[in-house]
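What follows is one structure encoded as structure tokens, with my remarks underneath.
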């Protein structure tokens, strides 16, 4: 017994108290169960393609989930706002830009980039940032890594726009670069960061060896934000970023060359769908399976300015052919109360059972999908979450078949990251 | 227009930006609505007898609610654990013992007693405490004011037990007093604090003018914690503290004299009720209306060791006569999802309407009551809350009639404080 | 169609009858209401008719209801349900001086007003009367017209509690 | 009795058929399950029979279920559902060396074991598989037998995430 607890500083106190209190009997000669060690903490195996992170701003964390087994693997707790880990596979690290106050909701503000070990999920280092990072309900593209994982770039908004650059090799702030009128951070190759500007232009900043500004190029406007803005919820494939506009046109921005190339936007809807008022909507309404070139988009029927409304369907496009392949009518992403899944017990009798199921399904359907992400393996999953529930609905990303719902313990879902391998192309 | 915003430091920035962007037209000669001031923050009127505080540890706050109007009046956000404001009516202050970390859930711990102005709910001062305060799921009696509101006393557990004493006049820590084996803090007159000890004894510490220990008296054990422990969820009337034991005996401790007097415990159940397995249960299972001498107790039917189970009824006793007056079968304290009340819309048709109502009521009833408190006025309310919902069920405390449910926006309810006038006798 | 399908379809049909806006568009459309009128707010909201249109009994609308005309581009918790009013923040919070803007039509006078949505900051999220309307809302890069940003800027804390809706002028859009 | 009453009574009756323990005793008894088996955990739990009694198929019990024998005096979230196991904390948390104790009977060998409930600390609350059982639980002043206390003591953070249940010996209570 002493062996089991001696490796813990307080183990001896525990045992001493137990003996003192007469609560521990002698271990019998034939002990049915051995005395066990205290102090053990799980270390994760290597990341798997079907792992995903789901942010819960209410519980101030992002949860790591094994989509195959429906298991919660761990979490990072990182303060106020959506917690969006950046996944540096090469470094074996997970990073989060965090904001903390000395008295919880008040006092002195400290922004940090915290580095967590990918296997232990324990913080290993932190770099103090300018206390300016942008916080919003849109979870994506507020911070990113450069493709070589040398720098982390955090978007700031005070409301003056800038970026903070952290040197991950040297674990220090490399500097801050002003980006007036341009927002958010979209990584492309060559240590470059693209940003979207107020006038519909694209700003591309290249970083030098020390994380400073090597060059800055601003394109001509490629869309009119007054007429038909693209949403900031873009997805990346190689050096292309894809954005959908409010009116349902897909803009492809190719940053592989020196000068950005803007393909002619193509419509996600035909005339009939458009007159039926199908629209994009949700917090992360685009997803990609890169190998198959399948583009997923959350769709709903609604009027002008309903670009935040949850999706009732996911539409699947062949990106190369610019063609609608499939419409997936969404199942409920799962209703939860306080993070607990709500399903109807199977021993309920009719008509109670079917009515209760009907109500639960109706609530779930009404909740709709707010975030979608696909894994990037050969048997990809499409995950769909809802802001006001903790469930994750899983579909076969190649066939569109509904597979199952899983639950992470989250109470809200905002920001879905899959696969573990991260945002890189 | 300029008048309205000039009093705010950033008002001019706002107006300048608006003009720059061409978004503000000239104010028409006959303005339909006047331009309004920014920067206004509500100040509360004097506290009313039907105001109550309800702690939500999930949202890290305690919410001030007007029970009559069903209005949320404001809140204090105060970090980890149940937020239990101490109400110093004489000082016009609300105080909370708080625990904060420099990085949210990690980093450096700082415990403070924060003083909030009762009208503005803004922090006006803080006193740093030894980083030792006890945190538990039982919301009551972890900190208290002395009756004269000169000192605040905070119970510490590391697991060594002690109390921190804060001098409220001088806004400084008066000191820490070790209380080995004795826990929690129950104020009585004469700047005295009673504590419950491991062996069933009572420790009474009197404070001197400077907040130091003037005297310490420890009684003989007045109950056997091994056989039938009293719960720590006591209520106060004058210099008496009332505690219920697991087995349903009411212990009255009279601290008006130099030496504590322990009345013979009396049974809350008759033999029939006892054989029907009625038991006390819940997080705050006793409440008092002092003027009428009505004692309220949350009751459920359950086996041994079900002292935390939610109550299905509130039993009302005449304290002086030691007599059961009434049994109130509890209505649902209100089902909520994410703090939003769930009630069935009245335009639902039968049978959907009644089945949905049945389900909602059944869930609500199954949740049961976890906390009860009575207001102390001439037309007192009895408030009942549930840990896993945000609703408050209100009853007439004199008749037991169910009145209505109200909602504060809380997602969980742990710790109910009414009236605003506080714990004082 | 068997009975099970019938009951499910009925439930869904009833659920779909109500507004699909914001949180009310989610759980709210079915069983849940805002916080202002605790018992049957769904019915109350639908009784008010189209968004922004006044109820005959209350031409100005209800500042504790998401349908209130000033909230046409809000996304957050109504300060009026949280201890504040539609123009004043709850006690102990601090009103952000930096804001996003909407242009909303007042149904009483038919005028388009510029509305400043000022966040109330420094206390944890209110949780009551969540309201999301997106008339004229633009993406984050079009900053001053975006309601997703935490606008607790220029305040001593970025922690978001709730939002007010203040008339700061009439709009040039006025027809 | 009219139809409305009948339906309500039926609903209540069904709702009351299941266990009333812990969170499952609340919302859980009606429509909600723990997190381990997402779809029909209520049925699963009731299929296991009385608390602590093993299912014939799994005599040791399910460490992700609240009925598992070691959890007889637990109050919190099961580490086994949160990235840990029933004896190891989730990644990145720190196990508290100071604990409360229960005495639980292992249904397989009939022995009473002293169980140490160590909290896992330093990350926000897990939220999955809440389990409250109070066999032998005492009030706070009887400190080492109380499960309401945040036992994240002697750790670098008091922030509570979840709880494990570790065999530290056999009990003198053993019959």
#### Entry: Residues of the range C:93-124 satisfying the condition of being assigned to a loop (DSSP other than H, G, I, E, B) and crowded, with 24+ Cβ neighbours inside 10 Å
C:93, C:96, C:99, C:122, C:123
### Message
Of everything in the range A:387-397, what is within 11 Å of another protein chain (Cβ to nearest Cβ) and either out of contact with any strand residue (DSSP E or B) (no Cβ under 6 Å at 6 or more places or on another chain) or part of a strand (DSSP E or B) (or both)? Give them in sequence order.
### Response
A:387, A:388, A:391, A:392
### Query
What number goes with the only condition from (1) over 27 Å from residue C:133 (Cα atoms); (2) modelled with pLDDT of 95 or more; (3) touching a strand residue (DSSP E or B) at 6+ places or on another chain (Cβ under 9 Å) that residue A:321 does not pass?
(3)
### Task
Filter the range D:130-158 down to residues that are in contact with a helix residue (DSSP H, G or I) (Cβ under 7 Å, 6 or more places away or on another chain) and not in a strand (DSSP E or B) and give me whichever is farthest from the other protein chains (Cβ to nearest Cβ).
D:133
### Message
For the range A:145-159: of the residues being within 14 Å of chain C (Cβ to nearest Cβ) and in contact with a helix residue (DSSP H, G or I) (Cβ under 8 Å, 6 or more places away or on another chain), which is surrounded by the most Cβ atoms within 10 Å (Cβ to Cβ)?
### Response
A:157
### Query
Which condition number does residue C:115 fail, the rest of (1) more than 9 Å from chain B (Cβ to nearest Cβ); (2) modelled with pLDDT under 95; (3) in contact with a strand residue (DSSP E or B) (Cβ under 6 Å, 6 or more places away or on another chain) being met?
(2)
### Task
Could you list all residues from the range B:173-190 that are assigned to a strand (DSSP E or B) and under 22 Å from residue B:135 (Cα atoms)?
B:173, B:174, B:175, B:176, B:177, B:178, B:182, B:183, B:184, B:185, B:186, B:187
### Query
Just one of the numbered conditions (1) outside the structural domain of residue B:81 (by TED's automatic domain parsing); (2) outside any strand (DSSP E or B); (3) under 22 Å from the mean Cα position of the chain (by Cα) is not true of residue B:148; which one?
(1)
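Listed here are the residues, each with its yes/no results for (1) touching a helix residue (DSSP H, G or I) at 6+ places or on another chain (Cβ under 9 Å); (2) more than 30 Å from residue B:215 (Cβ to Cβ).
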{"position": "B:258", "(1), (2)": "no, no"}
{"position": "B:270", "(1), (2)": "no, yes"}
{"position": "B:300", "(1), (2)": "no, yes"}
{"position": "B:337", "(1), (2)": "yes, yes"}
{"position": "B:355", "(1), (2)": "yes, yes"}
### Task
Might you check whether a residue that is buried (at least 22 other Cβ atoms within 10 Å of the Cβ), on the phi < 0 side of the Ramachandran plot and not in a strand (DSSP E or B) occurs anywhere in the range A:191-211?
no
### Task
Among the candidates B:334, B:339, B:369, B:358, single out the residue that is modelled with pLDDT of 70 or more, in the same structural domain as residue B:401 (by TED's automatic domain parsing) and farther than 18 Å from residue B:406 by Cβ.
B:358
### Task
Just need a number here: residues in the range A:76-115 that are in a loop (DSSP other than H, G, I, E, B) and away from chain C (no Cβ under 12 Å).
5
### Message
Name the residue that is nearest to residue B:341 (Cα to Cα), counting only residues in the range B:398-425 that are outside any strand (DSSP E or B) and at pLDDT 95 or above.
### Response
B:401
### Message
Going through D:34, D:65, D:84 one at a time, which residue ends up being modelled with pLDDT of 95 or more, within 29 Å of residue D:144 (Cβ to Cβ) and surrounded by 22 or more Cβ atoms within 10 Å (Cβ to Cβ)?
### Response
D:84
### Breaking point among (1) under 29 Å from residue D:157 (Cβ atoms); (2) free of Cβ contacts under 8 Å to residues at least 60 places away in the same chain; (3) buried (at least 18 other Cβ atoms within 10 Å of the Cβ); (4) within 13 Å of chain D (Cβ to nearest Cβ), for residue B:165
(4)
### Message
Residue under question is residue C:127, and the condition is that it be in contact (Cβ under 8 Å) with a residue 40 or more places away in the chain, surrounded by fewer than 24 Cβ atoms within 10 Å (Cβ to Cβ), facing chain B (nearest Cβ under 9 Å) and not in a strand (DSSP E or B); does it hold?
### Response
no
### Message
Given the criterion buried (at least 19 other Cβ atoms within 10 Å of the Cβ) and within 14 Å of chain D (Cβ to nearest Cβ), identify the matching residue among B:260, B:265, B:225, B:221.
### Response
B:225
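The values are calculated or read from the model by the stated rules, or taken from the named source; none is laboratory data. Given the structure is predicted, the values throughout are model-derived calculations rather than measurements. A quick note on method: Cβ atoms are made from the backbone with ideal geometry, for glycine too, and the neighbour counts reach across all protein chains shown.
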